[in-house]
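Here is the structure we will look at.
The values are calculated or read from the model by the stated rules, or taken from the named source; none is laboratory data. Keep in mind that what you see is a predicted model, and the values were worked out from it rather than measured. Neighbour counts run over all protein chains shown; Cβ positions are idealised from the backbone, glycine included. In case anyone asks, the SASA skips ligands and DNA or RNA and just uses the protein heavy atoms, side chains included. Shrake-Rupley method; radii C 1.70, N 1.55, O 1.52, S 1.80 Å.
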Amino acid sequence: MSFLLELSWKRLAFDDRRIRSLDVDYVKIGLKVGLEIHQQLGTSAKLFCNCKPELFKGEPEITFLRSLRPTQSELGQVDPAAYFEFKRGVKILYEANTATSCLVEMDDEPPHALNVEAVETVLTAALMMKAKPVDEIHVMRKTVIDGSNTTGFQRTCVVALKGEVKAREKTVSIQHISLEEDAARKTGEEGNILRYRIDRSGIPLIEVATAPVIGSPKEAEEVALAIGRVLRATGRVMRGLGTIRQDINISLPEGALTEIKGVQELELVSLVVEYEVQRQINLLKISKELEKRRVKKEDIKEEFFDVTEVFKQTGCKVIRKALDRNQRVLAVKLRKFAGLLKRELVPGFRLGTEMADRARFWGRVSGIFHTDELPAYGITAGEVEELRNAVKPEQRDAVVFIADNIENAKDALKAVIERACEAMKGVPGETRAANPDGTTRYMRPRPGAARMYPETDIPPMQITEDYVEEISSRLPELPEQKLARLMKQYRLNQKLAKQVLDSEHGELFEVVVKKSRVSPTLVAVFLTETLKALKREGIEAYKVSEERISEIFRSVHAGELAKESISDVFIWLSRHENKGLHEAIKNLGLKMISENELKKFIEKVIADNKRVIQERGENSFSVLMGTIMKNLRGSVDAQLVSRLLKERLMEITK
Ligand SMILES: [Zn+2]
């Protein structure tokens, strides 16, 4: 899926939210949310080696293939999902280039000592959140099973404990603030081969974990934003999409604890929480319904029916393709589940979707069919009838079936049965991954505890009191202080000042204003409201560097570019990534005319409108101004035109 498409998809979801938002009393249902915010640090090198913390584009210089091994913790526990992947024979193709990776990322050389710059940044953020630094930093290994680390574990270390962050009136306690290495990024999957790019491996991440005390979706978002503000205030974090990721733990007393991974934008947090609450509430309703129907665990049997014959002449493309490959169609009966598989949990996601997710994960199948949604997909009413004859369900039973090789289909149906049994209990505790629209999908079972063990290759690092004091003495200003300063120093109103504070270009604002001397309000509006609007229109704003933006405003100050043309130039630059500002101005025909040329044009307009001026005197100003701007918009400064025109009219009409 292209980047743009994902963006518009998300926008749709945002609009959807206004309509579908449920009226839930979050206090009454006992919602508890905890956040783990991960943000890449803007250090000059990676956490355990000297490689540049950058991502590369284009073809990799190096690739290497590794098998996924079931990593074992020191206690001898094997993660069931990891073991399953191992049994499946999954292999991983790692991609690298030499500018962004060395032997450390490839796990062919031990890690170097902890990057002090990263430690200092985390200590700075920790002290800003009133956390207490540890005496000694111990690097630990956290088992990772999906191939995103060449080592099979992620290195992490606690730097400070017990802080706090203020979000509106509420103060939320921070459990710990840690320093971690980022993992490789997944770039593809073909059959049993997963593809990962290790340029991202080892980029330092700060992790801020709150206590699970947040009580509503909105509060969760406010806390996330507040933490994000403190991190940005250090001035040493990376910017842009993919540099910040949230994990959200959500639990309801009657439901379960769900861990949602990889929410990419702070602004999505409330929606993710809202959806998860909806999902759990609707799953609980299904469980009550099953109770009413008196379904017992023993009712759901691992009894598979081979119904391949039923679909011999099928017009369903998916099944046809499977049969052409000599695969089979296996079915299972879900007693008294009829009508429940099509129950919507969150917009577009049903219990059937959750079963399909499980089937895909454990059986590698492409999807499932079930009687709640048939006839459809080219499956006829006659085929459904034959299916019923073969499986012999009772009226309130649902039938689920899968077309694949027997082994995959069986694994997948077993996973469906397991999910059905969980539906009787209510909400399964699981790890889910965030989609860009705020919904989530099944990722894996929740891992057991105690997945950490010491990293023996790296000695502990002392954090002395003197060192902490030294960092404390030069902490950056806190977000609330900065807000007050922005309002006072640049005369911004509170709303605009807040937007600047939360903008990814917050620092650029001050740089631009100082360098260009353009009106602070003009710069602030462009960097916040205008950019937001442009992004909404699908403009790929990230393609224009901060340096270019700075240049645009310098040109405005120098009188080379009219402020009315800033957006046009920005849009052009976003579409011509390698072109410069002067080319933009030239191509858009925006070259500013000189004051002399302007004066000549004003004289011409005055001559053309003699009668109007005679009739209306100085009141003819607006007509003349309109004519001039219509002709010269983008190549003159409106204020200058206004001043010169007024002067001339005064002279003439005296
Ligand atoms: Zn390296």
Exercise for the section: Would you grab the residues whose amide H sits under 5 Å from the one on H176? Only those 5+ places off in sequence or on another chain, please, with H modelled 1.01 Å from N. Expected result: K162, A209
Problem - R396 versus N192: modelled label distance in nm, points set 7 Å from Cα along the beta carbon direction - result: 4.4 nm
Handout entry: Where only alpha carbons of the chain are counted, the Rg and the Dmax (Å)
Key = 30.6, 101
Completion exercise
For the M629, S550 Cβ pair and Förster radius 25 Å, calculated FRET efficiency rounded to 0.05 is 0.35
Handout entry: Carbon and sulfur %, accessible surface of the chain computed with the full protein complex present, 1.4 Å
Key = 50 percent
Practice task
Take peptides 31-40, 580-589 and line them up by average Cβ neighbours within 10 Å, highest first, as a rough protection proxy.
Solution key: 31-40, 580-589
Problem - Hydrodynamic radius (Kirkwood) for the stretch 423-541, which is based on Cα pairs only, to one decimal in Å - result: 19.6 Å
Handout entry: the stretch 463-603, Rg to Rh (Cα coordinates; Rh as Kirkwood inverse mean 1/r)
Key = 1.10
Practice task
Holding the Cα-Cα limit at 28 Å, pick out from K342/K414; K261/K535; K170/K425; K186/K579 the pairs that are longer than that.
Solution key: K170/K425; K186/K579
Fill in the blank from the handout: Each label sits 7 Å from Cα toward the beta-carbon; between Q639 and I593 the label points are separated, in nm, by 2.1 nm
Exercise for the section: Compare the peptides 218-225, 111-118 by average per-residue count of other Cβ atoms within 10 angstrom and give them in order, highest first. Expected result: 218-225, 111-118
Practice task
Work out the length of the dipole vector of the chain about its Cα centre, built from +1 on the beta-carbon of each Lys and Arg and -1 on the beta-carbon of each Asp and Glu, and round it to the nearest 20 debye.
Solution key: 2020 debye
Exercise for the section: Over the chain, average the accessible area per residue using a 1.4 Å probe and give it in Å², no decimals. Expected result: 49 Å²
Completion exercise
At 25 °C in a medium of viscosity 0.890 mPa s, the stretch 509-585 has a Stokes-Einstein diffusion coefficient, with Rh taken as the Kirkwood radius over alpha carbon pairs, in µm² per second, of 199 µm²/s
Fill in the blank from the handout: re the stretch 271-409: pairs of Cα atoms spaced beyond 19 Å account for a percent value of 53 percent
Practice task
Report the full-extension gain for the segment R343 to E615: residue separation times 0.36 nm, less the Cα-Cα distance, to one decimal in nm.
Solution key: 90.5 nm
Completion exercise
The simple spin-label model distance between M487 and E59, using points 7 Å out along Cα→Cβ, in nm, is 5.7 nm
Problem - Per-residue [θ]222 nm for the chain (sum of -39500 (n - 2.57) over DSSP H runs n ≥ 4, rounded to 500) - result: -12500 deg cm²/dmol
Exercise for the section: Quick one: compute the contact order of the stretch 90-198, relative version, from alpha carbon pairs under 8 angstrom and 6+ residues apart, as a percent. Expected result: 32 percent
Practice task
Might you report the magnitude of the Cβ-based charge dipole of the stretch 271-334 about its Cα centre, with Lys and Arg at +1 and Asp and Glu at -1, to the nearest 20 debye?
Solution key: 160 debye
Handout entry: Shape of the stretch 155-283, Cα gyration tensor, a/c cut at 1.5
Key = oblate
Fill in the blank from the handout: Extension length gain for V27 and E298 (0.36 nm per residue less Cα distance), in nm, is 93.9 nm
Fill in the blank from the handout: Given unit charges at Cβ for Lys, Arg (+) and Asp, Glu (-), the dipole magnitude of the stretch 541-654 about its Cα centre in debye, nearest 20, is 340 debye
Practice task
Amide H neighbours of I260 under 5 Å, at least 5 residues apart or on other chains, H built in the peptide plane: list them.
Solution key: I248, N249, I250, R432
Exercise for the section: Find how much the distance from N405 to R185 grows on full extension, using 0.36 nm per residue of separation minus their present alpha carbon separation; answer in nm with one decimal. Expected result: 76.1 nm
Problem - Residue among Q264, L252, T308 farthest towards the positive dipole end of the stretch 233-330, charges placed on Cβ - result: T308
